[in-house]
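This report concerns only the one structure given below.
Where a number appears in this text, it was derived from the coordinates with a stated rule and is not lab data. The model shown is predicted, which means the values in this text are computed figures rather than measured ones. Heads up, the Cβs are rebuilt from the backbone with ideal geometry, glycines too, and the neighbour counts pull from every protein chain shown.
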Amino acid sequence: MVSCFYYMSTEMEEKISGHLNNIEVRHDIKILLACETGSRAWGFPSPDSDFDVRLIYMHKKDWYLSLNEKKDTIELMLEDNEIDISGWDIRKSLRLLYKSNPPLLERIQSPIIYRSDPDFLHDINDLANLCYSKIATMHHYLSMSKKILPEIEDQKKYKLKKFFYALRSSLACRWIIERNEIPPIQFEKMVTELNVESNLQSRIKELIELKSGKEEAYFHTGENDLLDFIRLNIDLAENKGLSLPSAKSKPAQLDVFFINILNAK
């Protein structure tokens, strides 16, 4: 079920549920997790934001008993591109988890869940904490911030959507340095728990409200204080990022988890 605090029309919820049922039948799989990612899960959607539905799924045990590598992803654009569904097989997901892959770490934290196996979701989050690598996760968010910021700086007007991407990824960098937890998927949690200055918090809240009433194509200007804040977070990450620790997990831990899932289903 979709988390209760998140508004979604009954019609859209039914459409997504129907597509998930069809995917399970068509691909002969079991969905372990179907959730929202992107701006809706981050907490700053626009009225025309699409639905980024992300899956972790598994096949029957015999599917894995092959010398040939089989397709381990699902990608679909549905409802006139309003619903973007993509998924990773459980084996691929665990390989990514071992590398502390940030999109996967976000996926298993999503506050908007369409379907899940509760035991699986609990256990994979526990395993994620063992696999969490500060330096690998930092590389992802720092690269994103450094790529997007110049695109904003070089233009008199920029998409507010891109601005939020740069701001969120730079805050994730700061979180990695200051906290011993995986960066949260929810943007507001980072803003409030990192003790961002009150004037910046107020402006961020205003911009979230603004974005909620503007379409994705909306262009914005200004925000020098927040742009300076993004630069500060990037500088902090570049100065301290190379000394961050890697993960302490071992592949055998993921092997056991994978085998237990196959045997239990």
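Laid out as a table, the results:
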{"quantity": "Under 12 Å, Cα to Cα: Lys pairs in the stretch 10-132, sequence gap 8 or more or different chains", "calculated": "4"}
{"quantity": "Crossing angle, helix 134-153 versus the chain [Cα axis fit, 0-90 degrees, rounded to tens]", "calculated": "50 degrees"}
{"quantity": "Table column - 3J(HN,Hα) (Hz), the stretch 194-211, Karplus curve with 6.51, -1.76, 1.60, x for Gly and Pro", "calculated": "8, 6, 5, 3, 4, 5, 6, 4, 4, 5, 4, 4, 5, 5, 4, 5, 4, 4"}
{"quantity": "Positive-end extreme of charge dipole, the chain - chosen from V191, F229, L244 (charges on Cβ)", "calculated": "L244"}
{"quantity": "Spatially near lysine pairs across the stretch 158-265, Cα under 21 Å, sequence gap of 8 or more or different chains", "calculated": "15"}
{"quantity": "Cα centroid separation, the stretch 152-169 to the stretch 182-204 (Å)", "calculated": "17 Å"}
{"quantity": "Electrostatic dipole magnitude of the stretch 134-243 [Cβ: Lys, Arg +1; Asp, Glu -1; Cα centre; debye, to 20]", "calculated": "260 debye"}
